[in-house]
Structures are given as structure tokens and as C-alpha cells.
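Working notes, beginning with the structure itself.
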Amino acid sequence: MPNRTQAAGQSRRLLLATLLLVAAAGTAQAAPRADGRDWNRGGDTLTGAVGLHYGKIGGTGLSFRVPLQWYLYAQVAGGIWHTGDDQRHNLGLQLHYLLRQDSHLRLFTGVGVASYYHREKVGVNADGDIFTKDTDWNYGAGVGVEVLQGPRWSWLFELDFVHEERTGNTTVSPQAGLSYYW
């Protein structure tokens with residue numbers, strides 16, 4: 001049976017070995033994923049992206065995303081739809097602040113503003129064509145998740161509190177997007 005001095009020495013050695021293992025595990029880099037999905041891979045940081053986006057504060061249409069800092073991304077999205085007597089334009093700008101990032105998932109909070117324009121022919125009178133015109137500014141903020149699906153493809157989903165200028169309502173609205181990183 002060991003005495004107190006021997007037991008204290010064994011406890012110290014066990015504690016030291018545990019601390020060394022924890023320190024080694026904390027400094028070791030994770031092995032790359034076999035499927036290539038990794039936001040954190042060295043040498044290829046997947047910074048800029050092009051894709052499609054749908055949302056009330058992020059814009060609807062073609063989207064471009066660029067990093068401002070490693071934790072802050074700017075996204076611009078918009079589109080133009082003209083069909084005969086119906087014209088629609090929109091442009092949105094969002095900032096995404098990364099809250100958490102692992103190898104294939106990003107949790108972020110975002111703020112954004114978007115402008116929507118709609119002009120439509122509704123009839124004809126003696127003076128010519130009659131058009132209605134609506135403009136709407138939306139702004140808001142929310143939280144979202146972006147998932148890396150392949151080595152370069154990702155999709156994102158957001159839930160945002162959106163204030164619509166035209167109606168004066170503030171509601172929760174989803175946003176979705178698909179991006180290809182270069």
C-alpha cells in the first residue's frame with residue numbers, strides 16, 4: 001500500500017499527463033473531411049460566392065457574397081423582371097456576422113435593407129396607358145444557418161424580423177439562398 005507521499009506524486013503525474021493530452025488535443029488541427037466539405041481548410045478559404053437568393057431584406061435574384069473580415073460578409077442580391085406591361089426591380093444588401101463556424105456549418109446573424117419597385121399597366125384611357133406604381137423599402141434583422149453541401153456549394157436559410165415600409169407591418173419572414181464559392 002503506497003504512502004501519502006507516493007500517492008501525491010502519482011496524482012501529480014496523472015494530472016500532468018492529463019493536462020499535456022488536453023493541450024496537445026487543443027493545438028492539433030482536425031483532419032480534413034473526406035468529402036471535401038470544410039469551411040476551415042487551409043489554402044482554400046471559400047471566400048467569395050455567387051448564387052441565387054430569395055428574401056424580403058436580402059433581395060430576390062442573383063446574389064454576390066464577399067468577405068469584409070473573416071467573420072463579416074456582405075451580400076448584394078437583386079433582379080429585374082420585365083414582361084410586357086409588368087416591370088419589377090429589386091436590390092437588397094445584407095451583412096452577415098458569423099456567430100459560430102465549424103467544418104460545414106455556419107451560424108450567423110444578419111441585418112439588411114432592400115428596395116422593391118413594381119410598375120404595371122392596368123388600362124387605357126383617352127390620354128394613353130394607365131400605370132400603377134408601387135415602391136417598397138424593407139429592412140430588418142434575424143438569424144440564419146449556412147450549410148456547406150459539397151466542396152464549393154452551400155445553401156442558407158434565415159428567419160428575419162422584417163419591417164415593410166408600404167404596409168407598416170413588422171413580421172417574421174424566411175429567406176433562402178444557394179451559393180457557389182470560388
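The values are calculated or read from the model by the stated rules, or taken from the named source; none is laboratory data. Quick caveat, the model's predicted, so the values are computed rather than measured. Here Cβ is always computed from backbone atoms with ideal geometry, including for glycine, and neighbour counts include all displayed protein chains.
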Of the criteria (1) at pLDDT below 95; (2) touching a strand residue (DSSP E or B) at 6+ places or on another chain (Cβ under 8 Å); (3) surrounded by 14 or more Cβ atoms within 10 Å (Cβ to Cβ); (4) not charged (D, E, K, R), which one A114 fails
(1)
Pairs only if they're at least six apart or on different chains, beta carbon under 9 angstrom, first in the stretch 121-133 and among the polar types (S, T, N, Q), second surrounded by 10 or more Cβ atoms within 10 Å (Cβ to Cβ) and in a strand (DSSP E or B); list them, first residue then second.
T132/H118; T132/R119; T132/E120; T132/K121
Any chance the stretch 69-76 includes a residue that's farther than 16 Å from V145 by Cα and surrounded by fewer than 16 Cβ atoms within 10 Å (Cβ to Cβ)?
yes
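Keeping to the stretch 108-150, report how many residues are under 17 Å from A49 (Cβ atoms) and aliphatic (A, V, I, L, M). If you could, list the steps in order and put the result at the bottom.
In the first step, residues of the stretch 108-150 are kept if they are under 17 Å from A49 (Cβ atoms); the result is 108, 110, 112, 144-150.
Add one more test, that the residue is aliphatic (A, V, I, L, M), and what stays is 145, 147-148.
Residues flagged as under 17 Å from A49 (Cβ atoms) and aliphatic (A, V, I, L, M) within the stretch 108-150 amount to 3.
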Of the residues in the stretch 17-58 that are in contact with a Leu (Cβ under 6 Å, 6 or more places away or on another chain) and at pLDDT 75 or above, the one that is surrounded by the fewest Cβ atoms within 10 Å (Cβ to Cβ) is L52
Which number in (1) touching a residue at least 60 places away in the same chain (Cβ under 8 Å); (2) closer than 23 Å to P67 by Cα; (3) not hydroxyl-bearing (S, T, Y) marks the one condition that N138 misses?
(2)
